[in-house]
Amino acid sequence: MNVMNAFSTPSIENVAHNDDQATQKETTPNAYVRMEDVGHCYDPTPDGPMAVQHINLDIYRHEFVAVVGPSGCGKSTLLRMVAGLLIPSHGEVSVFNKPVTEPRDDVGIVFQKPNLLPWLTVKKNVLFPLKHKYGHVSLEDKKRADELLTMTGLASFADKMPDELSGGMQQRVGIVRALLLNPDILLMDEPFSALDALTREQIGFDLLDIWRDHPKTVLFITHSISEAVLLADRILVMSKRPGTVLDLIDVNLPRPRTAKDMNSTRFCELTETIRGHIYEPHSRA
Ligand SMILES: Nc1ncnc2c1ncn2[C@@H]1O[C@H](COP(=O)(O)OP(=O)(O)OP(=O)(O)O)[C@@H](O)[C@H]1O
Ligand SMILES: [Mg+2]
């Protein structure tokens, strides 16, 4: 079976239901994720402080959008609202033109820790969500698991237990597990932050390879400015709490990207611009 077909993302026309089509025509046709004046307050009291506010962002088909901002500015809050794990107290988040009210099957999440099941092998771990969801795992699923494990350099570790793997390898297993569910949208909350600098850079390139071969719409949260520039098409820079949009930057670096790009003038300009935003007094947490 063709790998690209196995992981291809349906166009928005295919996923929208008939009764949505009128709405769809009125809105940007290919915004997979839309945040409209989104805000959230965890405190239920009337004047409780906002965690995030006035976030407007459209994320388009197969776009890679990174979010950077000071600790506590609301990046994870934003991701949880897109994931349907948290309902915004202001504004609306929609996915495929439908307001997000609960977690969706077509949205996958990768967190900072892969949380692998220690009693299952690597291969069984990556297949576990499919088994849990459908009650069985098809031969096709197993083949896709093998393909993705090969692609991420884990083929020879498929029968190992998680504690026999390094942190970076475990994180790759977590990414393969999320990809096997073949989500149209992938949300990643600081997925590499527990890794050392070298592994982190390598796994970033691995992610770019996977994304090139199995295109997804990605929302990627990171504390690393250079990681954001290396990976993303656009970068949302958030202010300190209450987090709001300070800048939305088009990266505009050619792909495929390599370590060499990190020395380019454009790369340095971008990291400097973002650093300027983050370290300006009004942005600091
Ligand atoms: N469950 C919660 N209940 C109350 N307040 C919360 C809750 N989760 C987050 N907050 C608050 O909301 C704000 C934003 O938190 P959030 O975790 O979204 O920030 P973040 O940008 O992801 O931070 P970090 O970079 O440290 O991960 C913080 O001030 C935090 O204290
Ligand atoms: Mg966070």
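Observations, loosely collected:
- Any hit, the stretch 213-225, residues being assigned to a helix (DSSP H, G or I), of a type outside the set (A, V, I, L, M, F, W, C) and surrounded by fewer than 18 Cβ atoms within 10 Å (Cβ to Cβ): yes
- The one condition in (1) surrounded by fewer than 17 Cβ atoms within 10 Å (Cβ to Cβ); (2) more than 25 Å from residue 278 (Cα to Cα) that residue 94 fails to fulfil: (1)
- Residue in the stretch 74-88 that is under 29 Å from residue 226 (Cα atoms), at pLDDT 95 or above and either of a type in the set (Lys, Arg) or not assigned by TED's automatic domain parsing to the domain that holds residue 230 (or both) present: yes
- Residue 33 vs. criteria more than 15 Å from ligand 1 (Cβ to nearest atom), closer than 16 Å to residue 96 by Cα and assigned to a strand (DSSP E or B): yes
- Scanning the stretch 80-118 for residues that are within 16 Å of ligand 2 (Cβ to nearest atom) and either of a type in the set (Ser, Thr, Tyr) or closer than 17 Å to residue 41 by Cβ (or both) returns 80, 81, 85, 86.
- Residues that are away from ligand 2 (no atom under 16 Å from the Cβ) and under 14 Å from residue 192 (Cβ atoms) were ranked within the stretch 226-253; the one that is surrounded by the fewest Cβ atoms within 10 Å (Cβ to Cβ) is 226.
- The residues listed here are 118, 99; of these, the one that is closer than 13 Å to residue 33 by Cα, at pLDDT 95 or above and surrounded by fewer than 22 Cβ atoms within 10 Å (Cβ to Cβ) is 99.
- Filter pass, residue 182 being at positive phi and more than 15 Å from the chain's Cα centre (by Cα): no
- Looking only at the stretch 164-199, and only at residues there that are in a strand (DSSP E or B) and out of contact with any Asp or Glu (no Cβ under 7 Å at 6 or more places or on another chain), the one that is farthest from residue 79 (Cα to Cα): 186
- Against the criterion of being more than 13 Å from ligand 2 (Cβ to nearest atom), surrounded by 15 or more Cβ atoms within 10 Å (Cβ to Cβ) and in the same structural domain as residue 155 (by TED's automatic domain parsing), residue 64 does not qualify.
For every residue, the table says whether it meets (1) assigned by TED's automatic domain parsing to the domain that holds residue 214; (2) farther than 25 Å from residue 169 by Cβ; (3) outside any helix (DSSP H, G or I); (4) modelled with pLDDT of 95 or more.
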site: 125; (1), (2), (3), (4): no, no, no, yes
site: 136; (1), (2), (3), (4): no, yes, yes, no
site: 142; (1), (2), (3), (4): no, no, no, yes
site: 150; (1), (2), (3), (4): no, no, no, no
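- Note on the stretch 43-89: residues that are within 18 Å of the chain's Cα centre (by Cα), within 9 Å of ligand 1 (Cβ to nearest atom) and closer than 16 Å to residue 100 by Cβ total 6.
Quick grid of which residues meet (1) over 14 Å from the mean Cα position of the chain (by Cα); (2) closer than 24 Å to residue 62 by Cβ; (3) crowded, with 19+ Cβ neighbours inside 10 Å:
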site	(1), (2), (3)
149	yes, yes, yes
154	yes, no, yes
157	yes, no, yes
178	no, yes, yes
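The values are calculated or read from the model by the stated rules, or taken from the named source; none is laboratory data. Note that the structure is a prediction, hence the values are computed from the model and not measured. Glycine also receives a Cβ, built like all others from the backbone with ideal geometry; neighbour counts cover every protein chain displayed.
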